[in-house]
Protein chains: 2
Amino acid sequence: MSLRIALLGMLASRGPSSGYELAKRFEASINHIWQAKHSQIYPELAKMAQSGAVTVEDAGGGRGRKVYTVTEAGRDEIVQWVTGEDPYRSARNETALRGFLVPLLPPDQAAAVMRDEAERHAEKLAKLEQIKAEVDARTGPDDPVFGAYALDLGIRTTIVLQQWANDTADDLERRGRS
Amino acid sequence: MSLRIALLGMLASRGPSSGYELAKRFEASINHIWQAKHSQIYPELAKMAQSGAVTVEDAGGGRGRKVYTVTEAGRDEIVQWVTGEDPYRSARNETALRGFLVPLLPPDQAAAVMRDEAERHAEKLAKLEQIKAEVDARTGPDDPVFGAYALDLGIRTTIVLQQWANDTADDLERRGRS
DNA sequence: GGTTGACGTGTAAGGATTTACATGTAGTTT
DNA sequence: AAACTACATGTAAATCCTTACACGTCAACC
């Protein structure tokens, strides 16, 4: 259900879009939160049009572009989902899994992997902060910036992952020496 | 592939276990990183036994308990996966998705959702710190504690999530007032 | 005039994941 | 003695997700 909600949220926040645009946006905007390929997005949009959560409109010259708009029913679905007290919170993080397993390697090798991991997080952090800078630059401090909270969370978690990776590497090195 | 690796990692770090124990352990130990139900774990274990990554042994009195042990080949798989620089890092986070969508609600309602979220994380944090206290109590400072790294990461990320939820609620309330 | 790359939509097959169904033992509480 | 909870394993169906296949337009560059 999450993909459906994520798509509705995109449409609600950034206005009518094509499936192609939504796919791009997933890549650029909430890639650290959720991923979806166009092969999953197109059928989902069709299903949502069927159920009345969105409306479709044929647009764009010769290239059969379709523009989707969220309906009131669709907005309701978002609210239902966000406020719904589903105790289950799915979370899957391959980076963290790697970090979890890394102590199984010989200490020096493990530490190296963690340093590498930390570096990767540093790069990601730089990228996220650049996006934040760009967003901040073109909006006022009181503008309601959709996605800003999620971006903030992305930055915070990336910082934690980076620090943790380095601290773990430190610990592994300490243990490796003794 | 990630589930397979996660299971191998569990077996490698905590020794031979039954599918049931692994399922419990997923719940208790890396729930913030990865989830798996027993219905996915049992077939995966069977598949791994087939391919030689683990060995099976029937154990436990009347209750058909099966104990799985990771083989050298299985350990190799872990090392391959951890050190292999697969550029793709899958990540899915429903909490963050909520954060992404929450600005679509009326500010007061949105803030309430975030407070609720924060409380949930506070509860989880208490649970994790209790586990840590128990682990610390029965191990020396230089004992090789594999789970400690993962637990540490869990605590750190939970703290961040809690703070973020509260800060987001603050911001939403601030905006709501103006 | 041809090639390349971005735009644009879709389906098929296979694997991953969740929910529900199904079964049975062992220990503890009422 | 009956009920309840934890232990313990599995399968079936449905859904989600990824990879690969497939088709066609438009604009820019060479």
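Chains B and A: how much accessible area gets covered up at their contact, both sides added, probe 1.4 Å, in Å² to the nearest hundred? By this definition, chains B and A bury close to 6500 Å². Expressed as an acute angle from 0 to 90° and rounded to the nearest 10, what is the orientation of the C-alpha long axis of helix A:19-29 relative to the principal long axis of chain A? Result, in degrees: 30. Scaling against 2.2 N^0.38 Å puts the C-alpha radius of gyration of segment A:94-177 at 1.37. Taking the convex hull of the alpha carbon positions in segment B:74-140 and averaging its projected area over all directions gives 8.0 nm². Probe radius 1.4 Å, ligands and nucleic acids ignored: give me the carbon and sulfur share of the accessible area of the protein assembly as shown as a rounded percent. C and S fraction of accessible area: 51 percent.
Label-point distances for A:GLN50 to the equivalent site in the other copies, using a point 7 angstrom along Cα→C-beta, read 3.2 nm when ranked shortest first.
Between B:ASP108 and B:ASP86, the contour length at 0.36 nm per residue exceeds the alpha carbon distance by 3.6 nm. Can you find, among B:SER178, B:ASN166, B:ILE41, the residue sitting farthest towards the positive end of the charge dipole of chain B, where Lys and Arg contribute +1 and Asp and Glu -1 at Cβ? Checking the options against the dipole of chain B, the answer is B:ILE41.
For segment B:26-40 versus segment A:46-103, the spacing of their alpha-carbon centroids is 24 Å. Based on the reciprocal of the average 1/r between different C-alpha atoms, the Kirkwood radius for the protein assembly as shown equals 22.3 Å. Helix B:107-137 and the longest principal axis of the Cα set of chain B meet at an angle near 40°.
Helix B:38-51: angle to the longest alpha-carbon principal axis of chain B, degrees 0 to 90, nearest 10? Helix B:38-51 and the main axis of chain B meet at about 40 degrees.
The charge dipole of segment A:92-146, taken about its Cα centre with unit charges on the Cβ atoms of Lys, Arg (+1), Asp and Glu (-1) only, comes to about 200 debye.
Take B:MET1, push a point 7 Å out from Cα through the beta-carbon direction, and compare it with the same point in every other copy: 3.3 nm, smallest first.
In this structure the protein assembly as shown gives 50 Å² per residue of accessible area when probed at 1.4 Å with all protein chains present.
Given +1 on the Cβ of Lys and Arg, -1 on the Cβ of Asp and Glu, and no further charges, what dipole in debye does segment A:45-178 carry about its Cα centre, rounded to the nearest 20?
440 debye
Here the gap between A:GLU57 and A:ASP170, fully extended at 0.36 nm per residue and compared with their Cα-Cα distance, gives a gain of 35.0 nm.
Rounded to the nearest 20 debye, the dipole magnitude of segment A:2-83 is 260 debye, with +1 charges on Lys and Arg beta carbons, -1 on Asp and Glu beta carbons, and the Cα centre as origin.
Where chain A is rotated onto chain B, the residue of A whose Cβ comes nearest the axis, and that gap in whole Å, is A:ARG92, 2. Dividing the summed helix terms, -39500 (n - 2.57) for each DSSP H run of n ≥ 4, by the number of residues in the protein assembly as shown produces a 222 nm estimate of -22500 deg cm²/dmol to the nearest 500.
The equivalent ellipsoid that matches the C-alpha gyration tensor of chain B spans semi-axes of 38, 19, 16 angstrom, in descending order.
Distances between copies of A:GLU27, taken at a point 7 Å out from Cα along the Cα→Cβ vector and listed shortest first: 4.1 nm.
For the charge dipole of the protein assembly as shown, defined by +1 on Lys and Arg C-beta atoms and -1 on Asp and Glu C-beta atoms about the Cα centroid, which residue among A:ALA112, A:LEU151, A:THR55 has the Cα displaced farthest towards the positive pole? Value: A:THR55.
By the equivalent-ellipsoid construction on the alpha carbon gyration tensor, segment B:1-81 comes out with semi-axes of 18, 16, 11 Å, ordered largest to smallest.
The values are calculated or read from the model by the stated rules, or taken from the named source; none is laboratory data. Keep in mind that what you see is a predicted model, and the values were worked out from it rather than measured. No Cβ is skipped: glycine too gets one built from the backbone with ideal geometry, and neighbour counts run over all protein chains shown. Surface accessibility is based on the protein's heavy atoms, side chains included, excluding ligands, DNA and RNA. Shrake-Rupley method; radii C 1.70, N 1.55, O 1.52, S 1.80 Å.
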